[in-house]
Amino acid sequence: MSRLVRPAPLNKRLVALDGRATKPGMVWLVGAGPGDPDLLTIKAARVIGQADVIVHDGLVSSEILDLAPAAARLIDVAKRKSRHTLPQDDINQLLVALANQGLTVVRLKGGDPFVFGRGGEELAACRAAGLDCQVVPGVTAALAASASAGAPLTHRGAAQSVTFVTGHAAHGEPDLDWPALARPNQTVVIYMGLTTAGLIAERLTAAGRAPSTPALIVVNASRADEQRLPTTLGQLAETAADLSGPALLMVGEAMRLAQASEIPDAVLVRVSA
């Protein structure tokens, strides 16, 4: 469980009459990786250990948050589908406001800040405010899912390229190049695609990808409760039904090498039906 939010110690900082510190702080955009604390980079751990404030996603594990100094303030800005603790614009403004108090601010994001993490928007907001903003990359979920399942994202003779796309759109259907994604001998990794698995399978099949193409769904990649469900493009919607949690859909010939994890009986019945 995360520590309670506590005020950052400001008594040792010089603050001007308008509430700003005489010397601005800085913002670090830090990738926390997919969840396993052992996959956190050494640099990320060092930066977290120097933070005055950590503004973190809900998927960042408590083990990683425990690396923060005892006096650091922890602010949870978790996003869960349509429920947002803070809109993105408010998060941007929060980072700027905290740094303008002279604080070292760590924006701690699951995976990598620049892979569907909206880190580019936060970097732009900090730059527009004249703040020093540095980025620490993190292991993105697709790499962790591929490694744990033993299914390479690229593989000689099976996958000469890999494409990361999002299955989520703010309004309606994701705007993706379906014919390009349907070409054989490539791996397509879909982030945030669990609820649109049926639509994704339909569009890829209609664009020419064979229903027999191997596929893999990984839920909670790298965590103790990770689930790996090998399937096919044609069975993708059935396999995804009733699953929950952060998930990746991975489609491509190389997914034939994927190893399954323990699968609930209900899922086995549904897939084999």
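Output the residue which, of all residues in the stretch 198-209 that are under 27 Å from the mean Cα position of the chain (by Cα) and without any contact (Cβ under 8 Å) to a residue 40 or more places away in the chain, is surrounded by the most Cβ atoms within 10 Å (Cβ to Cβ). Out of the qualifying residues, it is Ala201. If only residues of the stretch 20-39 that are surrounded by fewer than 23 Cβ atoms within 10 Å (Cβ to Cβ) and more than 20 Å from Ala99 (Cα to Cα) are counted, the one that is farthest from the chain's Cα centre (by Cα) is Asp38.
Criterion applied to Gln186, Gln227 was being within 21 Å of Ala158 (Cα to Cα) and either touching a residue at least 60 places away in the same chain (Cβ under 8 Å) or surrounded by fewer than 22 Cβ atoms within 10 Å (Cβ to Cβ) (or both), and the one residue passing it is Gln186. Just so you know, in the stretch 135-160 the residues that are under 21 Å from the mean Cα position of the chain (by Cα) and of a type in the set (S, T, N, Q) include one that is surrounded by the fewest Cβ atoms within 10 Å (Cβ to Cβ), and it is Thr154. Scanning the stretch 90-138 for residues that are under 25 Å from Ile42 (Cβ atoms) and among the acidic types (Asp, Glu) yields Asp112, Glu122, Asp132.
Count of the stretch 189-211 residues, restricted to those that are touching a helix residue (DSSP H, G or I) at 6+ places or on another chain (Cβ under 6 Å), more than 25 Å from Gly157 (Cα to Cα) and not aliphatic (A, V, I, L, M), is 2. May I ask you to verify whether Glu226 is acidic (Asp, Glu) and over 25 Å from Gly58 (Cα atoms)? No: the conditions fail for Glu226. Just to be sure, is Arg127 of a type in the set (Lys, Arg), surrounded by fewer than 20 Cβ atoms within 10 Å (Cβ to Cβ), farther than 29 Å from Gln227 by Cβ and in the same structural domain as Ile48 (by TED's automatic domain parsing)? When the stated conditions are applied, Arg127 passes them. Out of curiosity, is Gly117 touching a Gly at 6+ places or on another chain (Cβ under 8 Å), in contact (Cβ under 8 Å) with a residue 24 or more places away in the chain, surrounded by 14 or more Cβ atoms within 10 Å (Cβ to Cβ) and not assigned by TED's automatic domain parsing to the domain that holds Met250? Yes, satisfied. Filtering the stretch 39-62 to residues that are among the charged types (D, E, K, R) and either modelled with pLDDT under 95 or at positive phi (or both) leaves only Asp57.
The values are calculated or read from the model by the stated rules, or taken from the named source; none is laboratory data. Note that this is a predicted model, so its numbers are computed, not measured. We place every Cβ from the backbone using ideal geometry, glycine too, and count neighbours over all the protein chains shown.
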